[in-house]
Every structure is written in structure tokens, then in C-alpha cells.
1. Would you please name the residue that is surrounded by the most Cβ atoms within 10 Å (Cβ to Cβ), looking only at residues in the stretch 80-100 that are more than 13 Å from the chain's Cα centre (by Cα) and in a helix (DSSP H, G or I)?
2. Could you tell me which numbered condition Ala23 fails, if it satisfies all but one of (1) modelled with pLDDT of 80 or more; (2) assigned to a helix (DSSP H, G or I)?
3. Pairs only if they're at least six apart or on different chains, beta carbon under 9 angstrom, first in the stretch 1-19 and surrounded by fewer than 16 Cβ atoms within 10 Å (Cβ to Cβ), second at pLDDT 90 or above and not in a helix (DSSP H, G or I); list them, first residue then second.
4. Note down all Cβ pairs under 7 Å where the first residue falls in the stretch 53-76 and is assigned to a loop (DSSP other than H, G, I, E, B), the second is among the aromatic types (Phe, Trp, Tyr) and at pLDDT 95 or above, and they're at least six residues apart or on different chains.
Amino acid sequence: MTRREERENIYRILFRDAFHKSAEMGEQLDLAIEGIAASPISDEEQAYIHGDGNLTEEEEQRIRTRIGEILDHKEEIDSAIASASEGWNFERIGKAELAILRLAVYEMRYDDDIPVKVAINEAVELSKVYCNEDARAFVNGVLGKISGSGK
């Protein structure tokens, strides 16, 4: 699995957070991992996951770890997003945009292996796939403000 596919799978799992209680996220993570590891993958399943049925233990562990860390830091991440999205009511940020922003802010602040510019670029790329055209500028602007405030 490429880093981009891994990031997209993590985004898709984070997106579930908007529709489930915190206590349900463990089960949601398990279901998502099961789907990623499924073989063969039908066209319908491919719409929700990226995987070829060859999910390694290392890839699974990396996804689980990153999801856990993002959810552990969710309050701090959301605070950074709220501060950087001046003029926007945090509750009105789209669910897809919020999941993308949470992943990117996590990468920018807590993952030293990912350069800030890469985190921002990958977030914008995700927004091109999962959001409307206006979201790209919003995501880029919020992350630009956050990157300017340091790690």
C-alpha cells in the first residue's frame, strides 16, 4: 500500500467519526481494517476502501496507531482548526473537510516523518476527490495558517 493509499484509508476511517460515538470507533476501525484487508475487493467495496487483500501486519498497525493518535489528540487538533478558520463556525465545517483537516493537522504537528508542505499538499489532493471545489481553498487556507503558527 502506498503512503497515499494509506492516508486515504485513514481519512475514510476518520470520516466515520462524524457519524459514530467515540465508543463505537474501535468497532468502526476493525470493520475498516477488515474491509481494507478483504480479498478480492468488489467494485462496490472499492468505493469505500483502498486495498488489494494484501494488507501487511505493519500496514495495519500503522493505520491503527495513526487513527488512535489522531483521536487521542482530537481536542487539540480541533482547537487549532477552529482558531485558524476565522469567520467559520467550527460546527459548520463539512464533515469531509473536517476529517481531512484533522488528518493533516495531525501529520503537521505529531508526525515528524511527514514534512508540513507534504501534509498540506496531500490534504488539498484529498479535498479534490472528496469535497466540492471551494473546499480546496478552505483546506489550504486553514492549514497555511496553522503551519505559520509552528508545530
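The values are calculated or read from the model by the stated rules, or taken from the named source; none is laboratory data. None of these values were measured; they are calculated from a predicted model. Counting neighbours? That spans all protein chains shown, and the Cβs are built from the backbone with ideal geometry, glycine included.
1. So the residue we want is Ile81.
2. Among (1) modelled with pLDDT of 80 or more; (2) assigned to a helix (DSSP H, G or I), Ala23 violates only (1).
3. Arg3/Ile114
4. From residues that are assigned to a loop (DSSP other than H, G, I, E, B), the pairs are His73/Tyr106; His73/Tyr110.
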